[in-house]
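These notes are about the structure you will find just below.
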Amino acid sequence: MKKIFLSISSILLTDQILKIYVKTHFELGSGVSIFSFFWIFFVENPGMAYGIYLAPGYFGKILLSIFRIILVFFLSVFLYKKIKKKSSNYLIIPTTFILSGAIGNFLDSALYGFLFDTGTVYDRESHKWISYAGISKINLHLSNNGYANFMEGCVVDMFYFPIIDTYIPAWIPFFGGSHFHFFKPVFNFSDFVIFLGVILLFIFKNKIKHVKIF
């Protein structure tokens, strides 16, 4: 149990250090190139991993926040039971990764709205997400209003891999003259950890198929 707690704590600490650093040192929409195919590029995401939405607009944001609470709760209960039953590490370790990533993104949604002074907000009149200028600062006086209410904060993303960014020659049929971009989504450490957990579950599915899920 202690090892699992330390693993979750380490993942969350790494995730939050990266996010807070990026949000307090980069302007929204700016970044630096580490390699030609790897950027640290700051965007704020009101949706799920890789910009996926449960539903559009403000309703989708609140629905997603509720979904994250439920997901974290059930994953926590599930993991606790499997640890008590001494289930296979092929199940426990990937589940730990998925839970850690879910908590990491939940913290952004739940707390960043009043932890920072500026952020992306939803304008109910125009039904659009409104960005901001400048670099955010930590709201040291939590009694003051931040940029959003509880559960209305946006997730900080920063990893960008434009592995291929080119134009297809005009002479190629059907697709010629168009812009081809791979890999376009920007994601964060929590998203990566969740993805890794899912991949590990898939790879080791034959080793855990005899483990009772419930």
Here is a list: VAL211, VAL193, VAL198. Which entry is surrounded by fewer than 15 Cβ atoms within 10 Å (Cβ to Cβ), at pLDDT 95 or above and either in contact with a Ser or Thr (Cβ under 8 Å, 6 or more places away or on another chain) or closer than 21 Å to ILE4 by Cβ (or both)? VAL198
Could you look through the range 57-105, keep only residues that are in contact (Cβ under 8 Å) with a residue 60 or more places away in the chain and not in a helix (DSSP H, G or I), and pick out the one that is surrounded by the most Cβ atoms within 10 Å (Cβ to Cβ)? SER87
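Take the conditions more than 17 Å from GLY101 (Cα to Cα), at pLDDT 90 or above and of a type in the set (Lys, Arg) and apply them to LYS82. Does it pass? Before the answer, list the steps.
Numbers: more than 17 Å from GLY101 (Cα to Cα): yes; at pLDDT 90 or above: yes; of a type in the set (Lys, Arg): yes.
The answer is yes for LYS82.
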Can you go through GLY60, GLY104, GLY29, GLY113 and tell me which one is within 26 Å of ASN139 (Cβ to Cβ) and in contact with a helix residue (DSSP H, G or I) (Cβ under 9 Å, 6 or more places away or on another chain)? GLY104
Across (1) in contact with a Lys or Arg (Cβ under 9 Å, 6 or more places away or on another chain); (2) on the phi > 0 side of the Ramachandran plot, ALA110 clears everything bar (2)
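Table: residues versus (1) under 21 Å from the mean Cα position of the chain (by Cα); (2) aliphatic (A, V, I, L, M).
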{"position": "LYS82", "(1), (2)": "no, no"}
{"position": "LYS85", "(1), (2)": "no, no"}
{"position": "ILE93", "(1), (2)": "yes, yes"}
{"position": "LEU107", "(1), (2)": "yes, yes"}
{"position": "GLY113", "(1), (2)": "yes, no"}
{"position": "ARG124", "(1), (2)": "no, no"}
Taking interchain pairs and intrachain pairs at least six residues apart, which have beta carbon atoms under 9 angstrom, with the first residue in the range 5-33 and without any contact (Cβ under 8 Å) to a residue 12 or more places away in the chain and the second in a helix (DSSP H, G or I)? SER9/SER100; SER10/SER100
Scan the range 196-214 and report the pairs whose first residue is closer than 12 Å to SER87 by Cα and whose second residue is at pLDDT 65 or above and surrounded by 10 or more Cβ atoms within 10 Å (Cβ to Cβ), with Cβ atoms within less than 6 Å and a gap of 6+ or a chain change. LYS207/TYR90; ILE208/SER88; ILE208/TYR90; ILE208/LEU91; VAL211/SER87; VAL211/SER88; VAL211/LEU91
Which of the residues belonging to the range 121-138 are in contact with a strand residue (DSSP E or B) (Cβ under 6 Å, 6 or more places away or on another chain) and without any contact (Cβ under 8 Å) to a residue 60 or more places away in the chain? VAL121, ASP123, ILE130
Considering each residue of the range 133-147, count those that are surrounded by 12 or more Cβ atoms within 10 Å (Cβ to Cβ) and at pLDDT below 90, and give that number. 3
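The values are calculated or read from the model by the stated rules, or taken from the named source; none is laboratory data. Computed from a predicted structure; not experimentally measured. Neighbour counts run over all protein chains shown; Cβ positions are idealised from the backbone, glycine included.
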